[in-house]
Amino acid sequence: MPRALTPGETAREGRMIELTETAAAVVLAAIKGNPKQIAGLRLIAEEGGCSGPRYEMGLVEVARAEDHCCESRGVTIYIE
């Protein structure tokens, strides 16, 4: 099992998250089409109730100090 990354560290081998080519193309197009300066894609996984974990994702302008960071197909991914 890969270890968790420390804040600001980038995965070089054994990527934590791997985007498909199609997913990366869609995210990169959304970043390019956004009028704001986008830092990357944030993924959030939270404990849930009866239906299990809850997941969220969205584009973010700024990374947080506590974020774990990796890159896939040109997309910077921040994991909360």
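Points to keep in mind about this one:
- For segment 31-80, a residue qualifies if it is among the basic types (Lys, Arg) and not in a strand (DSSP E or B), and the qualifying residues are 32, 36, 64, 73.
Okay, residues lined up against (1) among the hydroxyl-bearing types (Ser, Thr, Tyr); (2) open to solvent by 40 Å² or more (accessible area, probe 1.4 Å); (3) out of contact with any His (no Cβ under 6 Å at 6 or more places or on another chain):
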residue: 20; (1), (2), (3): yes, yes, yes
residue: 30; (1), (2), (3): no, yes, yes
residue: 38; (1), (2), (3): no, no, yes
residue: 51; (1), (2), (3): yes, yes, yes
residue: 59; (1), (2), (3): no, yes, yes
residue: 73; (1), (2), (3): no, yes, yes
residue: 80; (1), (2), (3): no, yes, yes
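The values are calculated or read from the model by the stated rules, or taken from the named source; none is laboratory data. On a predicted model such as this, the values are computed, not experimentally measured, just so you know. All Cβ positions, glycine included, derive from the backbone under ideal geometry; neighbour counts span all protein chains shown. When the accessible area is computed, the model is the full protein with side chains, heavy atoms only, and any ligands, DNA or RNA have been set aside. Shrake-Rupley method; radii C 1.70, N 1.55, O 1.52, S 1.80 Å.
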